[in-house]
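K.L.:
Dropping the structure in here first, questions after.
The values are calculated or read from the model by the stated rules, or taken from the named source; none is laboratory data. None of the values given here were measured: they were computed from a predicted structure. No Cβ is skipped: glycine too gets one built from the backbone with ideal geometry, and neighbour counts run over all protein chains shown.
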Amino acid sequence: MSIQIGYLDNNGHPRLTIRVSGTHPTASAVVEAMIDTGFTGFLMLPIAEALPLGLALYGTGNYTLADGSSVSNFLAQGTVTVLAPTVVPVTAATGIASSLPTPPSEAIQPETVDGIIVLGGDGALLRMEFIRSLDKLLLVGNVVMLVDNSMVPLAVSEMANPGRS
């Protein structure tokens, strides 16, 4: 049973601290990634941040941007690990660092998942596909939490995942 804690940035966007790695065993980068539920991929990472990681390129994908324009991006296979946040959580309303209780160390366990990384954009973006691959529920309030499905009552889990068994 684990809870991964993220934070809201100064603009109120939910973020998680992640480690991204590729095929090279010692090359990785810690990134503050924004959760974007409108993004149709697993993770988007700027190409300048992705190249040093030794990600295995294997093709291209076409994506539609918020303004309706289309872009083509390189795709790579990589590994993402969710970490505890490395920045102080800030409440969007006040812009003041919140005094959140620190969860017990056993509650924050790094979790790793492999997926398709879209190379492009200006900053790291995570999508719900990433969160689902961890079998978590996303909770956003004054903090951002990824909660094990087993920690929520069955009725809430069924409402969040209709048709999934």
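K.L.:
When you go through Val71, Val31 one by one, which is the residue that is crowded, with 17+ Cβ neighbours inside 10 Å and not in a loop (DSSP other than H, G, I, E, B)?
P.N.:
Step by step, each of Val71, Val31 is checked, and only Val31 is crowded, with 17+ Cβ neighbours inside 10 Å and not in a loop (DSSP other than H, G, I, E, B).
K.L.:
Are any residues in region 53-67 surrounded by fewer than 11 Cβ atoms within 10 Å (Cβ to Cβ) and modelled with pLDDT of 85 or more, and if so, which ones?
P.N.:
Tyr58, Gly59, Asn62
K.L.:
Residue by residue through region 124-152, note down the ones that are free of Cβ contacts under 8 Å to residues at least 40 places away in the same chain and small (Gly, Ala, Ser).
P.N.:
Of everything in region 124-152, just one residue is free of Cβ contacts under 8 Å to residues at least 40 places away in the same chain and small (Gly, Ala, Ser), namely Gly141.
K.L.:
I'd like the full set of residues that are assigned to a strand (DSSP E or B) and of a type in the set (A, V, I, L, M), limited to region 34-68.
P.N.:
Answer for region 34-68, where residues must be assigned to a strand (DSSP E or B) and of a type in the set (A, V, I, L, M): Met34, Ile35, Leu43, Met44, Leu45, Ala56, Leu57.
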